[in-house]
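Undergrad: This is the structure, below, for whatever I ask next.
Bear in mind that the values in this text are calculations on the coordinates, not laboratory data. Small disclaimer: the values here were computed from a predicted structure and weren't measured. When we count neighbours, we look across all protein chains shown, and the Cβ atoms used for this are built from the backbone with ideal geometry, even at glycine.
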Amino acid sequence: MTAAANQVAAGKGINIEVWQTGPRRFDATTVLNEETEKWMKTNTGKIAHHYWAVFEKSFMEKAHEHVIFVEEDLLFSPDFFALFRSTAGLLDEDPSLWCIGAWNDFGFKGTALDACSLQRTSYFPGLGFMLLRRAWLEVRKAWPIAPTMGWDYWMRVAFRAAGKECIVPQVSRSHHAAAKGSSVSTAKQIRLFEAMAFSDVPSTCDVQTLLETCAHA
């Protein structure tokens, strides 16, 4: 991953800062049982720790207010960044919103037809999302030592417990590319992702249209 990032940076003449993290450290007062230690060595445990680490680095050390998080096997629509640029202000204006997502779990082909439509959801989307620093300041207080259900499922529980929602497009702006991985590994899951709509043309949506569809969703 580091080599790939450095290669792209050199080719584009830009700087890409690579963050690396080791195993999660606990203070002397934390007691871990055998099952917890075993879980932390699983893919689910390692992914949860990596998200914790990058959230902490982004919001606590770097003190960024808005950060977009993506996974290594995602494809992005041509207007992926335009989605976040045009909707970031909603997070600042509406305290009930904690994130903007590029993925819509219900955006199936045949039903998700309006690429300019936005929707509110209490179901944390993952798969390419913008999170607020103020959201992480609240979520981190309850982050468990071992979110054994998976970091993303735990985030959904945390969002609902706090009564917070996300904005997602009716037509997804991100999509899994890999057929194998820690979470995409079965034929059923692959068929599910193949059935999802994906915006693959530059956006023709103006900001006012996006905001109006969101207000009426």
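Undergrad: Considering the dipole of the chain built from charges on the beta carbon (Lys and Arg +1, Asp and Glu -1) around the Cα centre, which of LEU91, ALA177, ALA135 is farthest to its positive end?
TA: Of the listed residues, the answer is ALA177.
Undergrad: In square nanometres, what is the average projected area of the Cα convex hull of region 103-168?
TA: Averaged projected hull area, Cα only: 5.1 nm².
Undergrad: Please give the length that would be gained between LEU75 and VAL201 if that part of the chain were fully extended, namely 0.36 nm times their separation in residues minus their C-alpha to C-alpha distance (nm, one decimal). It would help to have the intermediate numbers written out before the result.
TA: Numbers: separation 126, 0.36 × 126 = 45.36 nm, distance 1.30 nm.
Difference between extended and current length: 44.1 nm.
Undergrad: Right, another one. Grab the Cα-Cα distance for SER122 and PHE26, subtract it from 0.36 nm times how many residues apart they are, and report the gain in nm with one decimal. Before the final figure, lay out the partial values.
TA: Values: separation 96, 0.36 × 96 = 34.56 nm, distance 3.17 nm.
Extending this stretch completely gives an extra 31.4 nm.
Undergrad: If you don't mind, there's one more thing I want to ask. Relative contact order of the chain: what whole-number percent is it, with Cα pairs under 8 angstrom and at least 6 residues apart?
TA: Once divided by the residue count of the chain, the mean separation gives 28 percent.
Undergrad: When the chain is fully extended, how far beyond the present Cα-Cα distance does GLU138 get from LYS109, taking 0.36 nm per residue of separation?
TA: 6.9 nm
Undergrad: VAL8 versus VAL157, label points 7 Å from Cα toward the beta carbon: distance in nm?
TA: A separation of 3.3 nm, rounded to one decimal place.
Undergrad: Neighbouring Cβ atoms within 10 Å as the yardstick, rank ILE14, ILE167 fewest first.
TA: ILE14, ILE167
Undergrad: Next up: Show me the GluC sites (Glu not before Pro) within region 55-143 that DSSP assigns to loop and that have at most 10 other Cβ atoms within 10 Å of their Cβ.
TA: Sites meeting the loop and neighbour criteria: GLU72.
Undergrad: Helix-only estimate, please: 222 nm mean residue ellipticity of the chain, summing -39500 (n - 2.57) across DSSP H runs of length 4 or more and dividing by its residues, to the nearest 500.
TA: Taking each H run of at least 4 residues, the total per residue is -11500 deg cm²/dmol.
Undergrad: What's the exposure ranking of LYS57, LYS41, going from fewest to most Cβ atoms within 10 Å?
TA: Values: LYS57 14, LYS41 9.
Final ranking by Cβ density, sparse to dense: LYS41, LYS57.
Undergrad: Using the alpha-carbon centroid of each, what span in Å lies between region 118-149 and region 4-32?
TA: 20
Undergrad: Report the relative contact order of region 92-166, percent, no decimals, based on alpha-carbon pairs under 8 angstrom and at least 6 residues apart. Intermediate values should be presented prior to the final figure.
TA: Details: 70 pairs, mean separation 37.4, N = 75.
Reported as a whole number, the value is 50 percent.
Undergrad: Within 15 Å, Cβ to Cβ, of TYR123, how many net charges do the neighbouring residues add up to if Lys/Arg are +1 and Asp/Glu are -1?
TA: Cβ neighbours under 15 Å give a net charge of +1.
Undergrad: Name the residue farthest towards the positive end of the dipole of region 1-112 from the options PHE106, ALA10, SER77, assuming +1 on Cβ of Lys and Arg, -1 on Cβ of Asp and Glu, about the Cα centre.
TA: ALA10
Undergrad: Follow-up. For region 33-216, what number of Lys pairs, 8 or more residues apart or on separate chains, have alpha-carbon atoms under 30 Å from each other?
TA: Within region 33-216, the lysine pair count is 26.
Undergrad: Which entry is the computed Rg/Rh (Cα atoms, Kirkwood Rh) for this structure: [x] 1.21; [y] 1.06; [z] 0.97?
TA: Correct label, based on the coordinates given: [z].
Undergrad: Sort ARG156, ARG120 so the one with the fewest other Cβ atoms within 10 Å of its own Cβ comes first.
TA: If I rank by nearby Cβ atoms, fewest first, I get ARG120, ARG156.
Undergrad: Once the Cβ-Cβ distance between GLU34 and MET149 is put in as r, and R0 is 25 Å, what FRET efficiency do you end up with, to the nearest 0.05?
TA: On the way: r = 19 Å, r/R0 = 0.77.
Step by step, r from the Cβ atoms, then E = 0.85.
Undergrad: Going 7 Å from the Cα of LYS62 toward and past its Cβ, which residues in region 5-20 have a backbone nitrogen under 12 Å from where you end up?
TA: The answer is 16-20, whose backbone nitrogens lie closer than 12 Å to the label point.
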